[in-house]
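Only one structure is covered here, and it is reproduced in the block below.
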Amino acid sequence: MSEKTNLKEIEKKAWASYFEDGLWDIFMGLLMLGMGLQTLTDNVWYTLVIWVGVLVMLVGKKLVTTPRIGRVKFGRSRKVKRRKVIAIVSISVVATFVLLLLGMLGLAPSSLVTAPVLVVGIALVFGLMAYFMDFPRLYAYGLLFAISIALTEALWPSRISGIAFVVSGGIALLIGLVMLVRFLRMYPIPAEMKTYGGN
């Protein structure tokens with residue numbers, strides 16, 4: 001019994017270390033920053049900032065995180081949680097696409113209906129993701145994201161909504177960079193990997 005408990009504790013710590021590198025925070029920061037800059041300037045090219053965030057996440061996990069803490073094979077319960085997160089994200093993407101399509105066709109309900117639904121939906125999606133991922137900071141980022149969306153819907157075309165996204169993104173990005181620096185100091189690359197890399 002105690003051995004199972006120890007294994008669960010080890011797995012929990014390993015999962016928590018997955019978020020210590022700050023890359024998820026940087027991704028969320030660039031996501032909101034890109035949306036804010038695009039809203040403020042009406043320049044679609046700023047959406048590339050979001051894709052930079054995706055690239056940082058994928059490349060960073062491979063080149064920064066894995067060489068330092070290794071790759072962990074998680075148990076069945078953790079895999080189930082990951083599948084639920086994927087399902088939640090997939091459903092939210094499809095729902096957002098449907099709302100945008102209805103808006104383009106002029107079939108969407110009035111903003112008085114869609115705005116609250118959108119805000120609550122975003123907060124719910126982020127909340128479920130934070131819960132299933134055991135990633136508490138995602139609750140805060142979800143709240144910041146939902147507030148920014150609410151301001152966009154309520155005050156459009158005011159610049160306040162764009163500023164809200166930029167400020168929210170800046171906060172998440174700063175937290176992520178601080179955590180990344182701390183992660184690099186806490187987990188230096190093992191000497192044997194440096195030797196191997198040098199050869």
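The values are calculated or read from the model by the stated rules, or taken from the named source; none is laboratory data. For clarity, every value in this text was computed on a predicted model and none was experimentally measured. Positions of Cβ are backbone-derived with ideal geometry, glycine not excepted, and every protein chain shown enters the neighbour counts. The accessibility values were calculated without ligands, DNA or RNA, using every heavy atom of the protein model including side chains. Shrake-Rupley method; radii C 1.70, N 1.55, O 1.52, S 1.80 Å.
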Report summary line: Expected field for VAL117, accessible surface area in Å² at 1.4 Å probe radius, rounded to 10, holds 90 Å²
Requested in this report: Treat each spin label as a single point 7 Å out from the Cα along the C-beta direction, and report the ILE189 to ASP134 distance in nm.
Outcome: 2.9 nm
Query - Gyration tensor verdict on region 127-181 (Cα atoms; rounded if a/c is under 1.5, prolate if a/b is larger than b/c, oblate otherwise) - result: oblate
Query raised in the report: By average Cβ neighbour count within 10 Å, what is the ranking of 123-134, 18-29, 34-45 from highest down?
Result: 18-29, 123-134, 34-45
Requested in this report: Taking all protein chains together and a probe of 1.4 Å, list ILE163, ILE86, ILE189 from the most accessible to the least accessible.
Outcome: ILE86, ILE163, ILE189
Report task. Please arrange ILE69, ILE147, ILE91 by accessible surface area, largest first, computed with a 1.4 Å probe and ligands excluded. Result -> ILE91, ILE147, ILE69
Report task. Using label points projected 7 Å from each Cα along Cα→Cβ, tell me how many nm separate VAL117 and ARG159, to one decimal. Result -> 3.3 nm
Requested in this report: Obtain the nm distance between the two label points defined at ILE91 and ARG71 by a simple spin-label model: each point lies 7 Å from its Cα along the Cα-to-C-beta direction.
Outcome: 3.0 nm
Query - Computed lengthening from LEU177 to THR41, 0.36 nm per intervening residue step minus Cα-Cα distance - result: 46.4 nm
